[in-house]
Each structure stands twice: as C-alpha cells, then as structure tokens.
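What follows is a set of notes on a single structure, which appears directly below.
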Ligand SMILES: Nc1ncnc2c1ncn2[C@@H]1O[C@H](COP(=O)(O)OP(=O)(O)OP(=O)(O)O)[C@@H](O)[C@H]1O
Ligand SMILES: [Mg+2]
C-alpha cells in the first residue's frame, strides 16, 4: 500500500490508537523537521532569524539616515531650529564635557606617572597625555557623555511628540518633520561636536598639566613645550573628524529611536534607552574603524 | 454638488491593524463647501478615517480623491501641495508643547507660508479671540491651559491659515455647553463665509445638527446611513435611531460584560 505523503510506518507512528508507539517512534515524531519544538531549538533557524532581523533593522536605519541627510541639504532650512539645537547640544553640554575631560586628563597624568616612573620615563608624560587626549579620550569621552545627555533628550522629546501626535500635526501644518525636527538636530550635532571636543582637548591637557605641575612638581614651561613637541596636526584633526562622526551618530540614533517610538510612556522609555545604548556602541565601533583608517600607515 | 467634482471622494477604503479590520470598504463623498458630520460608536474608526485621508495612516486598499486627484500614492512636493489644503483638529489637541500658544496657532503661517512673525502673531491673537481666548493666553505654554482651552487653541491652529478643507475630530468634547455652542457657530462660519469644506466627527448630537449639512453614520467599517441632517430623526435605520437616542438596547451591541 502506498500513500501520497509517506510510507506505512510513518503513518503507523502517527496513529495513536492501534499500538502504543515505541520510544523510537516518539523520538522520530519529535524530531520531524516540521515539528515546532525542533524549530524553536534549531540553532540554525535561530541564527538565521536573528540575522534577518538584524539586516532589516539595519536597512530601516540606513533608509532613515539617507532620507534625513537628503533633507539636510534641501530647502527650506529652519535656521532658528538649527540655532536652538546648537545651543542645546553644544553650549549646555560644555560643563559636563569639560568636567569629564578635566578629570580624564588628571587621572591620565597620575596613572602614567606611576607607570612610567618604574623605568624612568617621566619625561614622556606630557606627550602621552596630549596624544591620548586629542586622539582618543577627548572624542570618545565627550561622545559618550553627549550620547547620554543629548541622545536621550532627543529620543525622549521626539518620542513624546510621536505618541502625542505632534509629529502628525506637523505634517498637517505643511511642515516636513524630517526637515523641521531631524535635519536641524543632525546638522547641529555634526557641526558642534568637533568644537566641543576641541574644548575638551584643551581642558584635558590642562588637567594633566595641573596634576604634573602642582602635584608631581614638574616644571610648567617644560611641560608645555614637551606637550607641543611631538604633537602633530593630524593628532588633533583625526580627533575632530571622529567627533563629527560621533555627533552624527548620537543625533541620528536619538532621532531614529524617538521618531519611531510607539506605545505611550513605556515606548518612549524604551526609545530613550535604545538611543543611548546603540549610540554608545556605534561610537566605540566606529572609533575603532576610524582609528584604523586615520593611522593606517603607522 | 452632484454635477461638480466632489471635493473629497472616498471609495472602498480599507484599513486593518493586524487582524483588526477597522475600515472595511468605506465610501463617502463630500462636495465643495459642504459640511459633513460622521457619527458612530467609540472605536469604530472615525479618527482612523481622517488620518487615512490625510495620509498619516496608509490605507490597505481603496481610493481617496481630493479635487479629483488620487491622493493615496502621492509623494514629494505633490504630497506637500495636497497637505497644504488641509487643516486638522486632532482629538487629543496635539499642541506643540515646546512653543507658546500664539506660535502654535501661527505655526503654518510662519513655517510654511513665510509670514513675518509679528504679523503672524497678530493673526494668531485674532484667531484666538474667535475661539474665546484672550490675548494674554497667547503667551502661555500649552501645558498651562485646561483641557478645554487646549482644544480651542488646537481649533484656532486648524483654521488660522484658512485651509480649503478642515477636519474637526470631536471639536466640542470637553467644553461647557455655552462654549460648545460658540465653537459650533465658528465652524458654521468657517464653512459659510470662508467656503471651506468641513468633515467633523462628534458624539454630540446637538452639535452635529448645528454644524452639518449632511450626517453619515459609520458602523463596522462602512457608512451604513447618510442623509441631510433633517432626515436623521426619521432615517428608518434602527442603528441610527439607537445612536441618536443613546439607547443601550438595540441592534448595536456594546462589548461589555455585566458587573
Ligand atoms: N495606530 C493604531 N494601531 C493599532 N490600532 C489602532 C491604531 N489606531 C487606531 N486603532 C484601532 O482602530 C480602531 C478605531 O480607532 P479610532 O481612533 O478611529 O476610533 P474612533 O472611532 O475615533 O473612536 P473615538 O470616538 O473613541 O475617538 C480602534 O479599535 C483602535 O483600537
Ligand atoms: Mg477618535
């Protein structure tokens, strides 16, 4: 006897009535490829699904980024909004970024002193401080602090506007939300972060100077000339380019998560968390990639 | 209105959220300078209807024509021009809480039409006066207002730029009876004097009778009855009868459990 979809023994193991199924048959039933349990536990399916979800999320983000950037370059430009964001993102972040940079520079001087004194290399401290701050710690620390401050604020503001229909209201008032809400934030974030990091660089180096001169009894004039001696143009420039990229990432993630939030207060909370976490991770990853790019030759 | 192209023509409009079918093939047509009120139970999809026409929600199927032009597949500047015709009062007001009241009202004038701020502010103050709010209110922030005041500001914002088509989602909900009547008068004035086309949603039958030329009833995703407002009392439709008399017993079953 032949059945269209299988052999007699296949059918026998599925029929519960006649004979009790042997343990082997039960096992086969469980392992049938179409069985749910197998599907859930199948590691390949899980990896595949996660990968596909990752791809579609990346695609959505890329589309959002593309649309937003396009609107940054097309009129009308809302200069008032850009100005407001420059003040919000730049000016009001100064205290927190300055404080972070100051203590980073100070701790860097202390740490390198305690390390370098083991092999009498204290004279390298000014150079280490200035290079670490301008190349890495200035942009990264400022980026992470601003991600916490601005990324969260943008996501919360846009998220609230989304769930209270203010973004829908914008479109009914002939105003494109990408142009009015998102473009000013992206422009301000990208332009202001380098300035913020330049300030952080100066304050950070000054922090190292304070510790070395007042606590470790370095000669002040020597310290300053040593700081300058090995500093190259591109040490600072690479840090500022990084800062611009970080500024774009922070504002983009804030806007993306806020703009697409749904489901009331809880949704806004989730958007805020996502904005900060994704921005921070992307900052660290892109920092590595950019460093590789800038200093590929040595 | 029968011979001219209708201002708004909706045909076979469908919209679902997951497996919840909210609009199931809705047909409605509204003539120029006509005022239509849509009534219907809570959660039947009246607000969804307005948002579909505006393009805030994307319909699953059907056609929406504004001035004879298909509006569901517009993009770019064509969509901007389409949206410029509308004014909308949102059910939840949706005022911009980071801007003072006057700027909310003047928003479209300043941002989209490029009117100088000083002139736009004067216009905003005048519009606020027409919804019964004093000039001093203009300088407050939206959070400092009561719910009814917010609703009136939102109404002022919807009409300030004198749009061709105005949507009012529950314009009188949350207002005292006297103020509700002032608002009714204002809506009538917008239609009669400015020649705007109005589509309103309300649960308030007194208001519906006052502001409408025609009433349409939405039930289970379709317009089950429509006619001139005078006919509403002898519509011969049991659903309409139950609704306008507000009876719990009748063909419309509310999904509530006894407690
Ligand atoms: N964004 C959305 N996502 C999922 N479901 C939605 C959404 N918007 C509306 N709905 C559903 O669509 C249905 C109709 O909603 P709508 O807001 O249009 O009701 P309504 O007729 O305006 O009611 P009311 O008179 O109470 O304002 C509701 O059942 C609601 O749950
Ligand atoms: Mg509604």
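Computed from the coordinates by the stated procedures, all read-outs in this text should not be read as laboratory data. Source: prediction; values computed, not measured. A quick note on method: Cβ atoms are made from the backbone with ideal geometry, for glycine too, and the neighbour counts reach across all protein chains shown.
Quick check on the protein assembly as shown: take the gyration tensor over C-alpha atoms, sort the square-rooted eigenvalues as a ≥ b ≥ c, and tell me if it's rounded (a/c under 1.5), prolate or oblate.
Here the protein assembly as shown falls in the oblate category.
How well do other chains shield peptide A:161-168, expressed as the mean number of their Cβ atoms within 10 Å of each residue Cβ?
5
Relative to the longest principal axis of chain B, what angle (0 to 90°, nearest 10) does the C-alpha long axis of helix B:147-160 take?
Between helix and principal axis, roughly 80 degrees.
According to the square roots a ≥ b ≥ c of the eigenvalues of the Cα gyration tensor, what is the shape class of the stretch A:90-208, taking rounded for a/c under 1.5, prolate for a/b larger than b/c otherwise, and oblate for the remainder?
Prolate, because a/c is 1.5 or more and a/b exceeds b/c.
In the Gaussian network model of chain B, springs joining C-alpha atoms below 10 Å, which of B:65, B:118, B:162 carries the largest mean-square fluctuation?
B:118
Compute the Rg/Rh shape ratio of the stretch A:79-294: radius of gyration over Kirkwood radius, all on alpha-carbon atoms.
Answer for the stretch A:79-294: 1.09.
Under a GNM of chain B (C-alpha, springs under 10 Å), which listed residue has the highest mean-square fluctuation: B:89, B:155, B:186?
Looking only at B:89, B:155, B:186, the largest GNM fluctuation is found for B:186.
Just want the ordering: B:178, A:89, from fewest to most Cβ atoms lying within 10 Å of their own Cβ.
B:178, A:89
If you stretched the chain out fully between residue B:5 and residue B:122, how much longer would it get, using 0.36 nm times the residue separation minus the C-alpha to C-alpha distance?
Once the chain is fully extended between residue B:5 and residue B:122, it gains 38.5 nm.
Per DSSP H run of at least 4 residues, take -39500 (n - 2.57); add these up for the protein assembly as shown, divide by its residues and hand me the 222 nm value, nearest 500 deg cm²/dmol.
Rounded to the nearest 500, the figure is -17500 deg cm²/dmol.
In whole Å, how far is the Cα centre of the stretch A:100-176 from that of the stretch A:212-277?
3 Å
Can you classify chain B as rounded, prolate or oblate using the Cα gyration tensor, where a ≥ b ≥ c are the square roots of its eigenvalues, rounded means a/c under 1.5, and otherwise it's prolate if a/b beats b/c and oblate if not?
Prolate shape, in that a/c is at least 1.5 and a/b is the bigger ratio.
In what sequence do B:90, A:218, A:206, A:92 fall when counting other Cβ within 10 Å, fewest first?
Taking fewest neighbouring Cβ atoms as first place, the list is A:92, A:206, A:218, B:90.
Quick one: Kirkwood hydrodynamic radius for the stretch B:130-259, alpha-carbon pairs, angstrom, one decimal?
Computed over Cα pairs of the stretch B:130-259, the Kirkwood hydrodynamic radius comes out at 16.5 Å.
Pick out which of B:91, B:226, B:113 has the largest mean-square fluctuation in a Gaussian network model of chain B, springs linking Cα atoms closer than 10 Å.
With Cα springs under 10 Å in chain B, the top fluctuation among B:91, B:226, B:113 is at B:113.
Give the span of the stretch B:29-175's Cα atoms along each principal axis, as three whole-Å numbers ordered largest to smallest.
46, 36, 28
Using the 10 angstrom Cβ neighbour count as an exposure proxy, how do B:245, B:82, B:103 rank, fewest first?
B:245, B:82, B:103
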